[in-house]
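K.L.:
Following this message is one structure expressed as C-alpha cells.
The values are calculated or read from the model by the stated rules, or taken from the named source; none is laboratory data. On a predicted model such as this, the values are computed, not experimentally measured, just so you know. Positions of Cβ are backbone-derived with ideal geometry, glycine not excepted, and every protein chain shown enters the neighbour counts. When the accessible area is computed, the model is the full protein with side chains, heavy atoms only, and any ligands, DNA or RNA have been set aside. Shrake-Rupley method; radii C 1.70, N 1.55, O 1.52, S 1.80 Å.
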Amino acid sequence: MSRFHQCRRGEHQAGGDALPFALPGSRATFTPDRDVNVRHLRIEVALDFATASVDGVCTLTLVPLGAARARVALDAVEMQIHAVTLSDGAALEYAYDGQKLSFDLGARKEGEAVDVVVRYRCTPRRGLYFIRPDAGYPKRPLQAWSQGQDEDNRAWFPCFDHPAVKSTSEVIATVPKQMTILSNGSIVEDRVSGESRTVHFRQEVPHSSYLVTLVAGEYTHLEDKAGAVELHYLVNPGREEDAPRTFGNTAKMIELFAERTGRAYPWPRYSQITVAEFIFGGMENTSATTLTDQTLHDARAHLDFSSEPLISHELAHQWFGDLLTCRDWSQGWLNEGFATYMELVWKEHIAGRDDADYDRLGDIEAYLDEDSHRYRRPIVTNVYHEPIDVFDRHLYEKGGCVLHMLRTELGDARFWKAIQHYVKKHAGGSVETRDLARAVDEATGWNPDRFFEQWVFSAGFPELKLEASYDEETKLARITVAQTQKVEGQTPLFSFPLPVRFVVDGAGHDVTLTVSQAAETFVVPLGGKPSQVIPDPGYNILKTLDEKKGDELWTAQLAGAERAIDRLRAARALGKAGNPMMLDALVKSMRDDPHWSVRGEAGLALGALKTTAARDAIAAAVATEGHPKARRHLVKALGAFRGDERAADAIETTLARDPSYFVEAESAMSLAKTRSPRAFDKLMQAMTRPSYLDVIASMCLSGMAELRDERGIDLALEAAKYGKPVVGRRAAIGVLGALGAEFPQQKRRVRETLVELLDDPDFRARIAVVEALRVLGDTEAVDALHRAMGRDLDGRVRRRAREVARKLTEGSPNDEQVRSLRDAVEKLQDENRELKERVMKLETRK
C-alpha cells in the first residue's frame with residue numbers, strides 16, 4: 001500500500017509539538033486465537049450498482065487444528081446473514097452481532113476439511129466502494145473497487161481478516177455486461193448472459209484475505225510481457241496514450257527485483273488497473289495492483305513527474321507483503337519498509353545513485369518531520385487504536401532508511417545475500433522482524449541484534465553535534481561527536497559506525513569511528529591539512545547532524561565532494577550560515593554543478609542570503625536552467641525576496657509560461673510570497689489554466705494564504721465547495737485555515753464552513769479539514785473533531801482528528817501574540833537583509 005502524503009522538505013526541528021503515539025484508549029493488540037485454518041476461500045458476488053449493494057455466497061474450506069469441537073468466529077461487518085450451512089445444505093446455528101459471525105462445527109477430526117457456506121447481502125461502507133456519477137461530478141465513471149488493507153475486506157465477504165491467515169482463493173463476480181472485471185490470479189471463465197457478465201478468477205497460491213481484490217468498470221485493456229509473465233494494464237477509455245508513461249518500465253522492474261531477491265516474480269501474471277477516487281496511491285493485491293487514476297499523466301507532466309516510485313513500490317510488494325507477509329500489523333514495516341526501499345533500489349538502477357540519494361533524503365526528512373511534529377515511536381509496536389495508525393512515516397520512510405543502513409553496514413554483496421536467504425526461507429509464509437534478523441545472521445555471520453534493537457525496537461535516532469579541527473603541528477585531525485538526544489523512554493543512546501572522509505592533497509582518506517557514548521573525541525593522523533572533512537559521506541545514517549567546521553571546508557565540500565548529497569548538504573549549510581562572502585561559491589555551484597539537485601539547493605541557499613547580487617544570480621539562472629526540478633527550486637528561491645519587484649519580475653516570466661506545469665505552479669506560490677501588489681491579479685489569471693491534477697490552480701489558491709489577502713477567503717470558500725476540482729478543493733480548505741487564523745473577524749465563518757466539510761464524501765477533503773482546523777487554532781472546533789473521531793469511516797481521519805483535538809484542548813498562544821511574534825521576526829529578517837547588503841558592499845571595497 002502506497003504512502004498517502006508528500007512531506008515538505010526541510011530541517012528537522014527538535015522537540016516541535018509532538019504528542020505521544022499511544023493516545024488514550026490505545027491497547028496492545030495481538031493476532032487472535034482460532035480453532036481452524038482456512039484452506040480455501042470462494043467468494044461469489046453480484047454487484048448492484050443502483051443500490052451500492054452486494055449479494056454474496058462465501059464458501060470457506062476450514063481445517064480444524066485439534067480434535068475438540070471447533071468454534072469459528074469470522075469477521076463480517078454490517079451484513080444481512082441469510083444462512084450458514086455445510087456444503088451438503090445442513091444448516092449451522094450461528095450468532096451474529098454485526099461484527100462477528102460465530103458458529104460451531106461440532107466434533108471434527110483434526111485435519112478433516114469442511115466447507116462452510118455463508119449466504120449474505122451487504123451495503124458496504126468500507127472495503128468495497130461503488131463510484132457513481134452525481135450532481136457534483138456528473139463525469140465520474142461508474143466503477144466498483146475493493147481496498148482490503150488493513151482490515152476492511154470483512155465488510156464485503158466473511159473471512160478471517162488477519163494477515164497471518166493465508167489460503168487459496170476464488171472470486172466469481174457478476175456485473176453489467178459492458179464492464180471489465182479484475183481479481184487475483186488467472187481467469188477460469190468469462191461469460192455473458194443477457195445483460196450481465198460473470199468472470200471467475202482463481203488464485204492458486206495461498207495469500208492473506210486483505211489481498212483479495214475486485215475491480216469492475218469500463219476499461220481499455222493493454223498487454224505486455226516480462227519474460228513468461230503476462231502483463232496487463234487497464235486504464236480508463238481515452239487514457240491509452242498515458243499508459244506507457246505510467247507502466248512502461250514494469251517489465252524492467254520485474255527483472256531487477258527478481259535478480260535482487262533471488263526469486264522470480266511469484267505469480268503467473270501481473271495486472272495494474274487505475275480507479276477513480278482511490279483512497280490510497282496504490283494497493284498491492286496479489287497479482288493485481290489497484291492504482292489511483294491520478295498517476296496517469298500527460299507528456300508535459302512527464303517532464304518532471306514520474307509514476308515509477310508508485311509503480312515500483314506496489315510491484316515490490318508482490319515479494320514483500322504478498323509472498324512474504326507480516327505476521328501482524330505491528331510488523332508491517334516488513335511489507336512497507338521493504339517496498340519503500342525497493343523504490344530507491346529501482347531509482348538507483350534507472351537514474352543513478354545521486355537521484356536515489358536525493359529521494360532517500362526526502363524519506364529521511366519526511367520521517368523527521370513526523371517525529372518532530374506528531375509523535376515518536378519504535379517501528380515495531382502493537383499498541384494502537386487500530387492498525388491504520390501504524391501506517392505512517394515510521395513504518396514506510398524510517399523502515400526504508402533502516403534497510404539502507406543495514407545495506408551500508410553489510411555491503412552490497414552480503415546484504416543481498418541475506419535478503420535472498422530471507423526470501424527463500426520464508427516464501428509463502430508470515431514473517432516477523434526476528435525472521436529477518438535470523439536470516440541476516442545465517443547468511444552472513446554478522447550479529448544483527450544490536451542493530452535491530454536500537455533502530456527497529458527502540459524509538460528516535462541520534463541527534464549529533466560534531467566539531468572538526470586540525471592541528472598543523474601534530475598533523476592530527478580531531479573529531480568531537482556528541483549525541484544530544486534525550487535518552488529517555490524508548491529513545492536510547494545509539495551505538496553505530498560513523499565513517500568520515502578526509503581529503504588531503506586531493507586524495508581521499510576514509511576512517512570509521514565507532515560512536516557509542518554521549519560525548520567522544522577521536523584523533524586521526526593525517527598527512528596534511530584536509531581540504532574536506534565529510535562525516536558519513538553519502539548521508540547513509542538516519543540522524544540529524546549539526547556540524548561545526550570552517551567555511552573553507554564547506555565551500556570545498558560544495559565544490560568537490562564526490563556525491564551530490566554531500567555537495568547539497570554543503571549548500572544548505574552555507575545558506576543557513578548566511579555569510580554573504582559565500583556568494584561566489586554558491587553561484588558557481590548553482591550554475592555548474594553536474595547534478596540538478598545541487599544546483600537547485602545552491603539557489604535556495606542564495607535565496608537565504610537575500611542580497612541583490614544573490615537575487616540577480618538566481619534570476620539569471622532561472623532563464624538558463626534546463627532541468628525542470630532545478631528550475632522549480634530556483635523559482636522557489638526567488639520567493640524569499642519579499643517586497644522585491646525585481647524578483648517578482650523574474651517569477652512572473654516563468655508563471656506566464658514554462659515547459660513544466662510544476663515550475664509554473666511554484667512560480668505562483670513564489671510570487672505570492674514576494675507579496676507584490678500585482679500578485680493577486682496574476683494568481684487569479686493563472687488559476688484558470690488547465691494542468692495535471694490542477695497543480696497550477698491549486699498552488700494559486702495556496703498562494704492566497706501567503707499573500708495574507710482577505711479576498712482569498714471568499715475565493716477559497718467557493719473553491720472548497722463539493723463539485724469543484726477535487727485537488728483544488730483540498731488546497732482551498734488549507735487556505736481557509738490559514739486566512740481564518742490571520743483575520744480573527746473571519747474565524748467563526750471559516751470554522752463553521754470547515755465543520756460542515758467534516759462530513760464531505762471525499763476523505764482527503766476531510767483530512768484537509770482536520771489540518772485546517774489545526775492551523776485555525778479555534779477551540780470551538782474541538783467538539784466537531786470529537787464527533788469525527790467517533791463517526792468517520794476512515795481511520796486516518798479519526799487518528800488525526802484525535803491528535804488535533806488534543807492539541808487544541810491543551811491550548812496555544814492567542815492570535816494577537818502569534819501575529820505580533822511573526823511580524824517581529826519578519827521585521828528582523830528585513831533589517832538583517834539590509835545589514836548584509838551593507839556589509840557586502842564594504843567587503844567588496846577592501
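K.L.:
Of all residues in region 636-650 being among the basic types (Lys, Arg) and in a helix (DSSP H, G or I), which is nearest to Arg599 (Cα to Cα)?
P.N.:
Selected residue: Lys636.
K.L.:
Among the numbered criteria (1) closer than 24 Å to Ser2 by Cβ; (2) surrounded by fewer than 18 Cβ atoms within 10 Å (Cβ to Cβ), which one does Glu218 miss?
P.N.:
(1)
K.L.:
Being part of a helix (DSSP H, G or I) and open to solvent by 10 Å² or more (accessible area, probe 1.4 Å) is the filter here, so list the residues in region 344-355 that pass it.
P.N.:
Passing the criteria: Leu344, Lys347, Glu348, His349, Ile350, Ala351, Arg353, Asp354, Asp355.
K.L.:
Which one of these is more than 20 Å from Glu386 (Cβ to Cβ) and open to solvent by less than 10 Å² (accessible area, probe 1.4 Å): Ala772, Ala801, Ala805, Ala788?
P.N.:
So the residue among Ala772, Ala801, Ala805, Ala788 that is more than 20 Å from Glu386 (Cβ to Cβ) and open to solvent by less than 10 Å² (accessible area, probe 1.4 Å) is Ala772.
K.L.:
Please list, ordered by first then second residue, the pairs with beta carbon atoms under 7 Å, 6 or more apart or interchain, first in region 538-559 and within 27 Å of Gly352 (Cα to Cα), second among the hydroxyl-bearing types (Ser, Thr, Tyr) and surrounded by fewer than 19 Cβ atoms within 10 Å (Cβ to Cβ).
P.N.:
As it stands, the answer is Asn540/Thr408; Ala556/Ser531, since those pairs meet every condition given.
K.L.:
For region 564-573, what are the residues that are open to solvent by 20 Å² or more (accessible area, probe 1.4 Å) and either farther than 17 Å from Glu463 by Cα or in a strand (DSSP E or B) (or both)?
P.N.:
Selection gives Arg572 alone.
K.L.:
From the list Val635, Val598, Val622, Val587, which one is closer than 28 Å to Val503 by Cα, crowded, with 23+ Cβ neighbours inside 10 Å, modelled with pLDDT of 95 or more and of a type in the set (Val, Ile, Thr)?
P.N.:
Only one candidate passes the filter, namely Val598.
K.L.:
Continuing with the same structure: In this structure, does Ala608 turn out to be surrounded by fewer than 24 Cβ atoms within 10 Å (Cβ to Cβ), outside any loop (DSSP other than H, G, I, E, B) and within 32 Å of the chain's Cα centre (by Cα)?
P.N.:
For Ala608, the condition - surrounded by fewer than 24 Cβ atoms within 10 Å (Cβ to Cβ), outside any loop (DSSP other than H, G, I, E, B) and within 32 Å of the chain's Cα centre (by Cα) - is met.
K.L.:
Sticking with this structure for a sec: Ala784: without any contact (Cβ under 8 Å) to a residue 60 or more places away in the chain, assigned to a helix (DSSP H, G or I) and small (Gly, Ala, Ser), yes or no?
P.N.:
So Ala784 passes the test.
K.L.:
Among the numbered criteria (1) of a type in the set (Lys, Arg); (2) surrounded by 23 or more Cβ atoms within 10 Å (Cβ to Cβ); (3) farther than 22 Å from Asp355 by Cβ, which one does Lys576 miss?
P.N.:
(2)
K.L.:
I would also like to ask the following. Run down Gly460, Gly411, Gly429 and say which single residue is on the phi > 0 side of the Ramachandran plot, of a type outside the set (D, E, K, R) and touching a residue at least 12 places away in the same chain (Cβ under 8 Å).
P.N.:
It is Gly460.
The rows are residues; the columns are (1) part of a strand (DSSP E or B); (2) over 27 Å from Gly362 (Cβ atoms).
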site: Lys398; (1), (2): no, no
site: Val402; (1), (2): no, no
site: Trp416; (1), (2): no, no
site: Arg434; (1), (2): no, yes
site: Ala437; (1), (2): no, yes
site: Asp441; (1), (2): no, yes
site: Tyr470; (1), (2): yes, yes
site: Gln485; (1), (2): no, no
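K.L.:
While we're here: So, restricting to strands (runs of 3 or more DSSP E) that lie completely within region 90-180, which ones have at least 1 residues that are aromatic (Phe, Trp, Tyr) and either modelled with pLDDT under 95 or open to solvent by 50 Å² or more (accessible area, probe 1.4 Å) (or both)?
P.N.:
So the answer is 94-96.
K.L.:
For region 213-226, which positions are touching a Ser or Thr at 6+ places or on another chain (Cβ under 6 Å) and outside any strand (DSSP E or B)?
P.N.:
Thr213, Tyr219 - these are the residues of region 213-226 that are touching a Ser or Thr at 6+ places or on another chain (Cβ under 6 Å) and outside any strand (DSSP E or B).
K.L.:
Being modelled with pLDDT of 95 or more and over 26 Å from the mean Cα position of the chain (by Cα): is that true of Thr433 here?
P.N.:
No, not satisfied.
K.L.:
Could you pull out the residue among Ala437, Ala459, Ala477 that is touching a Pro at 6+ places or on another chain (Cβ under 7 Å) and closer than 17 Å to Pro20 by Cα?
P.N.:
Only one candidate qualifies: Ala459.
K.L.:
Here are some residues: Val423, Val431. Which one is open to solvent by less than 10 Å² (accessible area, probe 1.4 Å) and touching a Cys at 6+ places or on another chain (Cβ under 9 Å)?
P.N.:
After applying the criteria, what remains is Val431.
K.L.:
Do you know which residues across region 483-518 are among the aliphatic types (A, V, I, L, M) and under 27 Å from Arg567 (Cβ atoms)?
P.N.:
Leu498, Val500, Val503, Val504, Ala507, Val511, Leu513, Val515, listed by residue number.
K.L.:
Please work out if Ala46 is assigned to a strand (DSSP E or B) and over 30 Å from Arg108 (Cβ atoms).
P.N.:
So Ala46 fits the description; yes.
K.L.:
Tell me which of these Leu466 doesn't satisfy, since it passes every other one: (1) touching a Pro at 6+ places or on another chain (Cβ under 8 Å); (2) part of a strand (DSSP E or B); (3) open to solvent by 20 Å² or more (accessible area, probe 1.4 Å).
P.N.:
Leu466 satisfies every listed condition except (3).
K.L.:
Touching a His at 6+ places or on another chain (Cβ under 8 Å) and under 17 Å from Phe49 (Cβ atoms): which single residue out of Thr174, Thr123, Thr198, Thr180 fits that description?
P.N.:
Thr180
K.L.:
Residues of region 52-74 being buried (at least 16 other Cβ atoms within 10 Å of the Cβ) and hydrophobic (A, V, I, L, M, F, W, C), which ones?
P.N.:
Result: Ala52, Val54, Val57, Cys58, Leu60, Leu62, Val63, Ala70, Val72, Ala73, Leu74.
K.L.:
Right, next: Only residues that are part of a strand (DSSP E or B) and either closer than 14 Å to Glu463 by Cβ or more than 34 Å from the chain's Cα centre (by Cα) (or both): list them for region 487-498, please.
P.N.:
Phe496, Leu498
K.L.:
Do you know which residues across region 670-699 are among the hydrophobic types (A, V, I, L, M, F, W, C) and more than 24 Å from the chain's Cα centre (by Cα)?
P.N.:
Within region 670-699, Leu671, Ala672, Ala679, Phe680, Leu683, Met684, Ala686, Met687 meet the criteria.
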